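K.L.:
Below you'll find the structure I mean.
The values are calculated or read from the model by the stated rules, or taken from the named source; none is laboratory data. Keep in mind that this is a model prediction, so the values were computed, not measured. Heads up, the Cβs are rebuilt from the backbone with ideal geometry, glycines too, and the neighbour counts pull from every protein chain shown. Ligands, DNA and RNA are excluded from the accessible area calculation, which covers all protein heavy atoms including side chains. Shrake-Rupley method; radii C 1.70, N 1.55, O 1.52, S 1.80 Å.
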Amino acid sequence: MDAKKLFTDTLVGQIRALDQFGTWVNKSNEDLLKEKYVKTKEELKNIPIIADIDEMQTQDIRLIYQAIALAFEKITGVMCSVVMEMSHEGFGRVVVFAEDIVLCEKGFKDAHRFSFRTLEKLEEEGEKLLIKAQEK
């Protein structure tokens with residue numbers, strides 16, 4: 001399966017699994033991903049440089065890395081874990097590992113501004129992380 005499609009399908013599955021009240025049932029997968037992860041430059045200008053990150057934003061970031069872990073598990077059969085620590089100020093780190101191998105890691109500052117400019121950029125990032133994880 002195509003790494004980009006596997007990542008996207010897994011991420012959407014993770015998001016929809018958390019929709020306990022059916023809020024997103026009528027949204028297309030594309031619209032759902034855009035709403036959660038895509039911000040234009042103009043939208044970013046409206047977000048303060050210094051601000052606290054809310055629980056929902058932290059969860060949205062974590063879902064990307066959980067999708068990488070789950071997609072890697074689907075490909076290899078090797079169980080993965082995601083460890084994420086984030087301060088209320090938006091500083092933190094996420095690590096995805098399988099056994100004793102770190103598949104990917106990322107440090108954050110200003111995580112409340114975390115986003116992608118386009119849906120394609122989100123898909124490309126997921127594909128890149130998944131392919132890089134497979135090489136390890």
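K.L.:
In the list Val102, Val95, Val82, Val78, which residue meets the criterion of being of a type outside the set (Asp, Glu), free of Cβ contacts under 8 Å to residues at least 60 places away in the same chain and within 17 Å of Ala3 (Cβ to Cβ)? Working first, answer last.
P.N.:
Working: Val102 fails: within 17 Å of Ala3 (Cβ to Cβ); Val95 fails: within 17 Å of Ala3 (Cβ to Cβ); Val82 fails: within 17 Å of Ala3 (Cβ to Cβ).
Selected residue: Val78, the only one of Val102, Val95, Val82, Val78 that is of a type outside the set (Asp, Glu), free of Cβ contacts under 8 Å to residues at least 60 places away in the same chain and within 17 Å of Ala3 (Cβ to Cβ).
K.L.:
Among the residues of the stretch 3-35, which ones are open to solvent by 50 Å² or more (accessible area, probe 1.4 Å) and under 18 Å from Leu129 (Cα atoms)?
P.N.:
Result: Lys4, Lys5, Asp9.
K.L.:
I would also like to ask the following. Condition test on Thr118, is it hydroxyl-bearing (Ser, Thr, Tyr), surrounded by 12 or more Cβ atoms within 10 Å (Cβ to Cβ) and within 15 Å of the chain's Cα centre (by Cα)? Reasoning before the result, please.
P.N.:
Numbers: hydroxyl-bearing (Ser, Thr, Tyr): yes; surrounded by 12 or more Cβ atoms within 10 Å (Cβ to Cβ): yes; within 15 Å of the chain's Cα centre (by Cα): yes.
Yes, satisfied.
K.L.:
Same structure, new question: Quick test of your reading of the structure: Thr23 fulfils all but one of (1) more than 22 Å from Lys5 (Cα to Cα); (2) hydroxyl-bearing (Ser, Thr, Tyr); (3) touching a residue at least 24 places away in the same chain (Cβ under 8 Å). Name the failing condition by number.
P.N.:
Among (1) more than 22 Å from Lys5 (Cα to Cα); (2) hydroxyl-bearing (Ser, Thr, Tyr); (3) touching a residue at least 24 places away in the same chain (Cβ under 8 Å), Thr23 violates only (3).
K.L.:
Here's a check for you: in the stretch 67-100, which residue that is β-branched (Val, Ile, Thr) and more than 14 Å from Leu129 (Cβ to Cβ) is nearest to the chain's Cα centre (by Cα)?
P.N.:
Val83
K.L.:
Something else about it: Look at the stretch 46-93 and say how many of its residues are under 16 Å from Ser115 (Cα atoms), among the charged types (D, E, K, R) and in contact with a helix residue (DSSP H, G or I) (Cβ under 8 Å, 6 or more places away or on another chain).
P.N.:
Within the stretch 46-93, residues that are under 16 Å from Ser115 (Cα atoms), among the charged types (D, E, K, R) and in contact with a helix residue (DSSP H, G or I) (Cβ under 8 Å, 6 or more places away or on another chain) number 3.
K.L.:
Could you grab the pairs with beta carbons closer than 9 Å, sequence gap of 6+ or different chains, first residue in the stretch 56-68 and among the charged types (D, E, K, R), second one surrounded by 21 or more Cβ atoms within 10 Å (Cβ to Cβ) and not in a helix (DSSP H, G or I)?
P.N.:
Listed pairs, sorted by first residue: Arg62/Val94.
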